[in-house]
Every structure is written in C-alpha cells, then in structure tokens.
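See structure below.
The values are calculated or read from the model by the stated rules, or taken from the named source; none is laboratory data. Since the structure is predicted, the reported quantities are computational estimates derived from the model, not experimental observations. In this analysis, Cβ positions are derived from the backbone assuming ideal geometry, glycine residues included, and neighbour counts consider all displayed protein chains.
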C-alpha cells in the first residue's frame, strides 16, 4: 500500500513538472526526420514498466525520457495501462508504443510539427487469425480477444503480448524461449505454486513449440487450459476455462488452436 501511495505521489510530481514545462513557456521541440524516427524507435527503453493511465504515463514519459505521446481521445486518455514485459527485457520504443496501442485500441503515428507520437483510432490489428466454430462470438478487449460459445459466458481468450527482439549477437531463439517460459510459468503459477516448465507438455501451434498446461480452475468443475508460444518474436498466451464435462466446447477450442495462424 505504501508503495502504491509513493508511486502516485511520484507520478503527480512528474505531471506537475512536465505540465510546468509545457504550459509555462512556449516549448519548441526539434522534429525528427524519417531516419531519426527509425533510430529512436529502435532504441531500447531503460525499463519495460508501463504504469498508470495513458494520461499519467504520458506525463511520466515526458518528464523522465523527454518523449511526448499524445491523444485527443478521452477514452484513450483514461485507459489504465499495464506492464507486459518481464523485468529481464528492455523493449524498444516501437515495442512500447505497440503495447500501449493494443491496450488503448488505437494506432500511433508521428506528428512532425510538434514532435509528438499521437495515438488515435482505429485499433491496431492483432497479428493472428483463427477459424471460429459455428455460433461462437468474438470480442475485442484491447490486449486480448475473447471468444465465447453460445451457451457459456466464456470459452477461450487469446492474449497478444507484443513482439520481442534480440540485440545484435544475441540468439533470437534463446530469447524467445526465455520469454515463453516466463509467461507460461507466470500464468500457471496462479493455479499451482512452484510449477515448472518441465511439468508442461510441449505441443505444436502454427509450427511453433508451445508449452501446454492444464489444472482444475478455482471455480468448481472448471478446467483451466493454457498454451504459451512465441512465433518470430510475437508472443501469445491462449487461455480456456470451460466445464470439465463440456466436451463439445473443448473440441471447438482444440479446433481453434489448430486453425491459429500468425500474420507475418
């Protein structure tokens, strides 16, 4: 609780400092040309932490990193953001912006007149496709898409955690396996403390080696099933929670997993 209060105080102070800088004087920022934009987007942020609402995170980035993100949408401004990168990974600015866009259902562009990175509709397309069974309904929830059968409130959710990139000299495959293992254990730990990668099955999803884990869900008679995999850096977590005896719905989920294709 004390840490939360401290974080809010820090955010408030940073907002005051950044607001004073922006509104207290006529700030003229130097715009980036195309090459400058690409160089900036390829740089890595010192921390992958994303906190607060879009509005408060905007102030934080400006005060600490001198990076200006902006939106004209109240809905985007009020969206609460969350971190999607493990502590061991430092994302590029492009990866950070994509993570924000996914959560706020927006896309981003560079405004060279103000040196702002502007977020606005439409939503960033998620890089995958699946074939839905008859009467199943999709719902876009930002960072994840939900899919429900006609007779039950939930069925299967597909989370997209963005793209992870390796530095020069670093093995992409080793990084992607580390990311996959982290998220697989992270979510499975909600069901079983101390779970390890070795306890999970290795299955294939769209040609990639996925880690599969299942366990009884906290609610009676529900089965938790998860698949975690990384394809060319794109990181996916698929979760299904259905009644154990609902074999037809589980078969439908298995069919959707089989139909999953990454948009490359």
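Key figures for this structure:
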read-out: Failed item in (1) touching a helix residue (DSSP H, G or I) at 6+ places or on another chain (Cβ under 8 Å); (2) at pLDDT below 95; (3) under 16 Å from residue 159 (Cα atoms), with residue 51 passing the rest; value: (3)
read-out: Output for the range 233-264, where each listed residue is in a loop (DSSP other than H, G, I, E, B) and over 22 Å from residue 185 (Cβ atoms); value: 244, 245, 246, 263, 264
read-out: Residue tally, condition modelled with pLDDT of 95 or more and part of a loop (DSSP other than H, G, I, E, B), over the range 182-191; value: 1
read-out: Within the range 182-205, tally of residues that are touching a helix residue (DSSP H, G or I) at 6+ places or on another chain (Cβ under 9 Å) and in contact (Cβ under 8 Å) with a residue 60 or more places away in the chain; value: 0
read-out: Top-ranked residue in the range 83-99 [being without any contact (Cβ under 8 Å) to a residue 60 or more places away in the chain and in contact with a helix residue (DSSP H, G or I) (Cβ under 7 Å, 6 or more places away or on another chain); ranked as nearest to residue 126 (Cα to Cα)]; value: 94
read-out: Hits in the range 112-148 (condition: in contact with a strand residue (DSSP E or B) (Cβ under 7 Å, 6 or more places away or on another chain) and assigned to a loop (DSSP other than H, G, I, E, B)); value: 122, 123, 124, 126, 127, 132, 136, 143
read-out: Residue 106 being under 30 Å from residue 260 (Cα atoms), surrounded by fewer than 19 Cβ atoms within 10 Å (Cβ to Cβ) and either in contact with a strand residue (DSSP E or B) (Cβ under 7 Å, 6 or more places away or on another chain) or outside the structural domain of residue 236 (by TED's automatic domain parsing) (or both); value: no
read-out: Count of the range 108-131 residues which are under 19 Å from residue 32 (Cα atoms) and touching a helix residue (DSSP H, G or I) at 6+ places or on another chain (Cβ under 9 Å); value: 5
read-out: Tally of residues being out of contact with any helix residue (DSSP H, G or I) (no Cβ under 6 Å at 6 or more places or on another chain) and part of a helix (DSSP H, G or I) across the range 149-181; value: 9
read-out: Positions within the range 132-146 being more than 26 Å from residue 95 (Cβ to Cβ) and touching a helix residue (DSSP H, G or I) at 6+ places or on another chain (Cβ under 8 Å), in sequence order; value: 132, 133, 136
read-out: Total residues in the range 75-90, condition within 20 Å of residue 105 (Cβ to Cβ) and either in contact with a strand residue (DSSP E or B) (Cβ under 7 Å, 6 or more places away or on another chain) or assigned to a helix (DSSP H, G or I) (or both); value: 8
read-out: Neighbours by Cβ (under 9 Å, 6+ apart or cross-chain): first from the range 136-156, on the phi > 0 side of the Ramachandran plot; second part of a loop (DSSP other than H, G, I, E, B); value: 142/79; 142/105; 142/123
read-out: Test: residue in the range 62-74 that is over 18 Å from the mean Cα position of the chain (by Cα), part of a helix (DSSP H, G or I), surrounded by fewer than 16 Cβ atoms within 10 Å (Cβ to Cβ) and free of Cβ contacts under 8 Å to residues at least 12 places away in the same chain; value: yes
